[in-house]
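Q: The structure follows.
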Amino acid sequence: MLTKATFLLLAACAVSVAIVGGSEWNQATRNQILEIHNEYRRNEGGCQINKLEYDMALEAQARTWAEGCWFKHEMVKGRGENLAYSTWQHPEQQLITDAAAGWFKEKEDFSRGQYGCQRSCHYTQLVWHSTQKVGCWSTRCPRLRGSTARNAWYFVCFYTPMGNMIGEEPYKLHCDTPCHPGQSHEGGLCVGEAVVPCTNGSPSCDSWARRGECQRNPNYMLTNCRKACHVCK
């Protein structure tokens, strides 16, 4: 199978074309995507890893981007992105399985303590501990711009909150508790809203807040700079 993919490394950090053959998108496909993601996350054996939920708003965004047939990232702040394409004519379910397996295979290039996700960015977004939601779409593109592919199956998944934050690891191997306070531990993953301490996750939070990043980059700031953004006391 020919599968290629690139990944948005750090969020902060078109000409339309005709589409031939839409995707076989239904609730069973959404369930498959969710099950694949959560199974990979569960099997990592880490702690404080959220169980993902499927999000229709992210699906709508992924659909808009996929149907533009550009093999590149949209670069929206606070949102993670995984992309893949294939020129094989396999059933949708098999193509989705193979795309996710290709993303996860990048674990072979991952080393704890490395700076940034480097060549493993799909894998790290797939298993990123604090990500909560995923939404995806696929389509057939007669010409996939940004590549040499013709009649390519193009697969786009969007995530919030985004992963791959510089200086952080995708998940911890050892924690005081398997999940954050307020969450339940179900099948190796964390479910529910966490009770998050009123702290800043970076010494730069105050300066970022003064520059207006709480409004410009809320997905990151309201999670990691809660005190600086005055979302808690």
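The values are calculated or read from the model by the stated rules, or taken from the named source; none is laboratory data. Model, not experiment: these values are computed from the prediction. When we count neighbours, we look across all protein chains shown, and the Cβ atoms used for this are built from the backbone with ideal geometry, even at glycine.
Q: Report yes if Ala14 is at pLDDT 95 or above, outside any strand (DSSP E or B) and among the aliphatic types (A, V, I, L, M), otherwise no.
A: no
Q: Does Glu74 satisfy the condition of being of a type outside the set (A, V, I, L, M), surrounded by fewer than 16 Cβ atoms within 10 Å (Cβ to Cβ) and either within 17 Å of Pro161 (Cβ to Cβ) or touching a Cys at 6+ places or on another chain (Cβ under 7 Å) (or both)?
A: no
A quick yes/no check of all residues on (1) hydroxyl-bearing (Ser, Thr, Tyr); (2) farther than 22 Å from Asp55 by Cα:
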| position | (1), (2) |
| --- | --- |
| Lys77 | no, no |
| Glu81 | no, no |
| Thr87 | yes, yes |
| Gln93 | no, no |
| Phe104 | no, no |
| Asp109 | no, yes |
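Q: Residues that are in the same structural domain as Gln48 (by TED's automatic domain parsing): which strands (runs of 3 or more DSSP E) entirely in the range 117-233 hold 2 or more of them?
A: Fully inside the range 117-233 and qualifying: 133-143, 150-160.
Q: Might you let me know whether the range 95-103 holds any residue that is more than 16 Å from His37 (Cα to Cα) and surrounded by 20 or more Cβ atoms within 10 Å (Cβ to Cβ)?
A: For the range 95-103, residues more than 16 Å from His37 (Cα to Cα) and surrounded by 20 or more Cβ atoms within 10 Å (Cβ to Cβ): absent.
Q: Six or more apart or on different chains, Cβ under 6 Å: which pairs go from a residue in the range 187-200 that's within 20 Å of Arg41 (Cβ to Cβ) to one that's surrounded by 13 or more Cβ atoms within 10 Å (Cβ to Cβ) and among the hydrophobic types (A, V, I, L, M, F, W, C)? Could you list them?
A: Going by the 6 Å Cβ cut-off, the qualifying pairs are Leu189/Ile49; Cys190/Cys179.
Q: Do we have Tyr159 as modelled with pLDDT of 95 or more and crowded, with 18+ Cβ neighbours inside 10 Å here?
A: So Tyr159 fits the description; yes.
Q: With respect to Arg119, determine if the residue is basic (Lys, Arg) and closer than 25 Å to Lys77 by Cβ.
A: Against the criterion (basic (Lys, Arg) and closer than 25 Å to Lys77 by Cβ), Arg119 qualifies.
Q: Inside the range 202-225, can you point out the residues that are under 15 Å from Thr131 (Cα atoms) and loosely packed, with under 15 Cβ neighbours inside 10 Å?
A: Passing the criteria: none in range.
Q: Could I ask something else about it? Hey, can you tell me all the residues within the range 162-201 that are within 19 Å of Gly116 (Cα to Cα), aliphatic (A, V, I, L, M) and surrounded by 19 or more Cβ atoms within 10 Å (Cβ to Cβ)?
A: Selection gives Met162, Met165.
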